[in-house]
Amino acid sequence: MSNSGRAVVFNSNQTKIKIVDLEEVLKSVVGMDIGISVGELKKTEYLLSINPEIFSLTKSYESSVNTGFVKSAASELYAVYKTLSTIIQTSIQNVVNPHEKMILELLYIKAMKYQKAQLYMEKGYQADIYPISSTTFADRRRKAIKCVAQSFRLIGILEYVQDGYRLGDLASLKFVQ
């Protein structure tokens, strides 16, 4: 990973997590059952929903760097967005239940519409994952979002989502070597 050796300060306690250690940190919180509020679930849904756009922006930035059309101020924003997208995608990859993981991948990585993802899971297009009904899809989606919310809460990323479900001052997200 290009961010190797970098650490990110995520919360007010100045917790430092190296990007290369992110997967291990997130695996350590899988299965923990901490109380998640409705607000925290909504913040998590917001972060998941903006992931495809953030991922697209970081890819656009990477291609513009290769062509030389980039301003220096964009590089800091790129680093923040790239880190945020990495956190979101790693959190999704660490979901244990295969149905829940697939639902999150379809909705929040591949940016598939809800009904299309639901139909995909009902038809059972993947040989290693059996088909599920629309009600099971909805239940699994809620459980998966709760799992990811617990990860986000424990690493402190939910603090950056403000009321009205928008990103707060990302300048306070600090990167250290």
* Would you mind stating whether residue 105 is out of contact with any Lys or Arg (no Cβ under 9 Å at 6 or more places or on another chain) and open to solvent by less than 60 Å² (accessible area, probe 1.4 Å)? => yes
* Looking for whichever is hydrophobic (A, V, I, L, M, F, W, C), farther than 25 Å from residue 107 by Cβ and modelled with pLDDT under 70 here; the options are 69, 10. Which one fits? => 69
* To do: Considering only segment 126-140, state which residues are of a type outside the set (Gly, Ala, Ser), out of contact with any helix residue (DSSP H, G or I) (no Cβ under 6 Å at 6 or more places or on another chain) and not in a loop (DSSP other than H, G, I, E, B).
  => 135, 136, 139
* Looking only at segment 92-101, decide whether some residue is more than 21 Å from residue 37 (Cβ to Cβ) and at pLDDT below 85. => no
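The values are calculated or read from the model by the stated rules, or taken from the named source; none is laboratory data. Since we're looking at a predicted model, the values are computed, not measured. With ideal geometry, Cβ positions are generated from the backbone for all residues, glycine too; neighbour counts draw on all protein chains shown. These accessible areas exclude ligands, DNA and RNA; they are computed on the full protein's heavy atoms, side chains included. Shrake-Rupley method; radii C 1.70, N 1.55, O 1.52, S 1.80 Å.
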